[in-house]
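Chemist: Structure in structure tokens, see below.
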Amino acid sequence: MKICFLMYPWERVTKGDSTLRFIHESVKRGHEVSMVTPERLSIRDSVTMGNCEVFTKNQKVSSSVTSFQQNCEKSFKFLPLAEFDVVFMRANPPLDPFVLNFLDSIKDDVFVMNAVRGLREANNKIYTAAYYDPEQEFIPKTYVSKDVDYLQQIIEESDQEQMIMKPLDGYGGKGVIVIEKSASKNIKSLLDYYVNSSTKDGKSQYAILQEYIEGAENGDVRVFMLHGEPIGALRRVPSKGDVRSNISAGGTTEKYKLSKEEIRVCRKIGEKLVRDGLFFAGLDLIGSKLVEVNVLSPGAITEYNRLNKTKLQIKIIDYLEKTVKARKEALAKNNNIDMNSITID
Ligand SMILES: Nc1ncnc2c1ncn2[C@@H]1O[C@H](COP(=O)(O)OP(=O)(O)O)[C@@H](O)[C@H]1O
Ligand SMILES: [Mg+2]
């Protein structure tokens, strides 16, 4: 298959990078593999193009990812994106919305993972905050607003001593703080800062208040979801004195086996993910409550592999191969692909 990774520059790929595992696995299997950065997308005569770096096909590929990273051969080619079988979105947040417009122009010709519609919908934390959960089973109590007085009232009326506040479009744990009721003199000022002063352009922004989920001190659980199925998980433990479990915020990882209850919740969440075209996602769970759905470029695959002596990328590339085959078969019969026909081994 012809696969293009839409991602950050190769120079920024670190040894432990998850996307590097996907690329390595794809090149090893003999696929036609390219990568392109958002900066290198363009339109030529109404055709969406990428100035892609193409990995030399059938090169001798080391089984070591590090050696592959250092020695792989690639060359620049100006290619129409619609001629790929798969565009695998692996750009880091924050997402440039124009990139989605480029992808809109090819989404009927190429399997874009994740689907543009889903990327657009799940581009910030409103997606999780407003997740359909009529029985209030797995979404923590969450409030999103720009109204400082309203947010202050929520804190005052809460029966919890502490709540979590975070920006709507943060990532990597940025700006996630604990608000303690006892520090009442700071609350208004903090809310005011988050809503009215924290952006560069001086615009107001939405803040999220969320119940503090019991047990968060022991970390959260990152679940890798492929086509609605949990295919692996690990625990992330915050560094001492921090509430954030993100690895980029100093969190460490531990091996973790999902409980039956967590698997049930993940599958329930997975149904909507598949409906929204979010075939590969990372869930952040704390005690069966869903804190966040990461759809842009979920990481920590390498940590998962190390903890479990496995290669999770195999499942993901298997899935892409299967999907491309099913799409080609459907196309030959002039049908639309039925994504429900795809199963995970
Ligand atoms: N409601 C909450 N209760 C307790 N801890 C939380 C809560 N929300 C977030 N956290 C902690 O902060 C981390 C980052 O929050 P998250 O919503 O996932 O934002 P980000 O996009 O920055 O990763 C979580 O992984 C968790 O460790
Ligand atoms: Mg998170």
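No lab work stands behind these numbers, since they all come straight from the coordinates. Everything quoted here is computed from the prediction, not taken from an experiment. As a convention, Cβ positions derive from the backbone with ideal geometry for all residues, glycine included, and neighbour counts pool all protein chains shown.
Chemist: Report the net charge of residues surrounding residue 327, where surrounding means a beta-carbon distance below 12 angstrom and charges are Lys +1, Arg +1, Asp -1, Glu -1.
Modeler: -2
Chemist: Under 8 Å for C-alpha pairs, at least 6 residues apart: give me the relative contact order for the range 6-52, rounded to a whole percent.
Modeler: 37
Chemist: Between 76, 97, 175, whose Cα lies farthest towards the positive end of the dipole of the range 40-198 when Lys and Arg beta carbons carry +1 and Asp and Glu beta carbons carry -1, centred on the Cα centre?
Modeler: About the Cα centre, the residue reaching furthest to the positive side is 76.
Chemist: If you don't mind, another one. Along the range 314-325, what does the Karplus equation 6.51 cos²θ - 1.76 cosθ + 1.60 (θ = phi - 60°) give for ³J(HN,Hα), rounded to whole Hz, x for Gly and Pro?
Modeler: Ordered by residue, 3J(HN,Hα) equals 4, 5, 6, 6, 3, 4, 5, 4, 4, 5, 4, 4 Hz.
Chemist: How far apart, in nm, are the 7 Å Cα→Cβ label points at residue 248 and residue 43?
Modeler: Inter-label distance under the simple model: 3.0 nm.
Chemist: Residue by residue through the range 109-120, what is 3J(HN,Hα) from phi via Karplus (6.51 cos²θ - 1.76 cosθ + 1.60, θ = phi - 60°)? Round to whole Hz and write x for glycine and proline.
Modeler: My calculation for the range 109-120 gives 9, 10, 7, 9, 10, 7, 4, 4, 4, x, 4, 5 Hz in order.
Chemist: Please name whichever of 288, 310, 223 sits farthest to the positive end of the charge dipole of the range 217-310, dipole taken about the Cα centre and charges placed at Cβ: Lys and Arg +1, Asp and Glu -1.
Modeler: Positive-most Cα among the choices belongs to 310.
Chemist: Return the long-range amide H neighbours of residue 74 (sequence gap of 5 or more, or a different chain), with a cut-off of under 5 Å between placed amide H atoms.
Modeler: Answer set, sorted by chain and number: 56.
Chemist: Cα centroid distance between the range 229-248 and the range 70-114, in Å?
Modeler: One Cα centre to the other: 29 Å.
Chemist: Sticking with this one: At q = 0.07, 0.13 Å⁻¹, what log₁₀ I(q)/I(0) does a Debye calculation on the Cα points of the chain give, no solvent, two decimals?
Modeler: Values returned for q = 0.07, 0.13 Å⁻¹ are -0.32, -1.05.
Chemist: Got a sec? How would 119, 307 order by Cβ neighbour count within 10 Å, fewest to most?
Modeler: Least crowded to most crowded, the residues run 307, 119.
Chemist: Could I ask something else about it? Between residue 105 and residue 157, what length in nm is gained on full extension when 0.36 nm per residue of separation is reduced by their alpha carbon distance?
Modeler: Length gained, residue 105 through residue 157: 13.9 nm.
Chemist: Determine the relative contact order of the range 248-327: mean sequence separation of Cα pairs under 8 Å and six or more apart, normalised by residue count, in whole percent.
Modeler: The normalised contact order for the range 248-327 reaches 21 percent.
Chemist: Once R0 is set to 25 Å, what does the formula 1/(1 + (r/R0)^6) return for the Cβ-Cβ distance between residue 132 and residue 338, expressed as a FRET efficiency to the nearest 0.05?
Modeler: That pair, residue 132 with residue 338, gives E of 0.60.
Chemist: Continuing with this model, one more query. In whole angstrom, note down how far apart the Cα centers of the range 157-176 and the range 283-308 are.
Modeler: Each part's Cα centre sits 19 Å from the other's.
Chemist: Exposed loop GluC sites (Glu not before Pro) only (DSSP loop, at most 12 other Cβ atoms within 10 Å): please give the longest stretch of the chain free of them, not including the sites.
Modeler: Between exposed loop sites, the widest span is 215-345.
Chemist: Show me, for the range 204-213, the HN-Hα J-couplings you get by feeding each phi into the Karplus relation (A = 6.51, B = -1.76, C = 1.60, θ = phi - 60°), rounded to Hz, glycine and proline as x.
Modeler: Couplings: 6, 9, 6, 10, 10, 10, 9, 4, 6, 7 Hz.
Chemist: Using +1 on the beta carbon of Lys and Arg, -1 on that of Asp and Glu, and nothing else charged, what's the dipole of the chain about the Cα centre, debye to 20?
Modeler: 1280
Chemist: Continuing with this model, one more query. Residue 326 to residue 92: extension gain in nm, 0.36 nm per residue of separation minus the Cα-Cα distance?
Modeler: Going from the current span to full extension adds 81.4 nm.
Chemist: For the chain, what relative contact order do you get, as a whole percent, if you take Cα pairs closer than 8 Å and at least 6 residues apart?
Modeler: It rounds to 17 percent for the chain.
Chemist: Positive end of the dipole of the range 73-162, charges at C-beta (+1 Lys, Arg; -1 Asp, Glu), about the Cα centre: which of 88, 116, 158 has its Cα farthest in that direction?
Modeler: Sorting the options by dipole projection puts first 88.
Chemist: Just flag the chymotrypsin sites (Phe, Trp or Tyr not before Pro) in the range 97-169 sitting in loop per DSSP whose Cβ has no more than 12 other Cβ atoms within 10 Å.
Modeler: When the chymotrypsin sites (Phe, Trp or Tyr not before Pro) of the range 97-169 are filtered for loop state and at most 12 Cβ neighbours within 10 Å, 132 remain.
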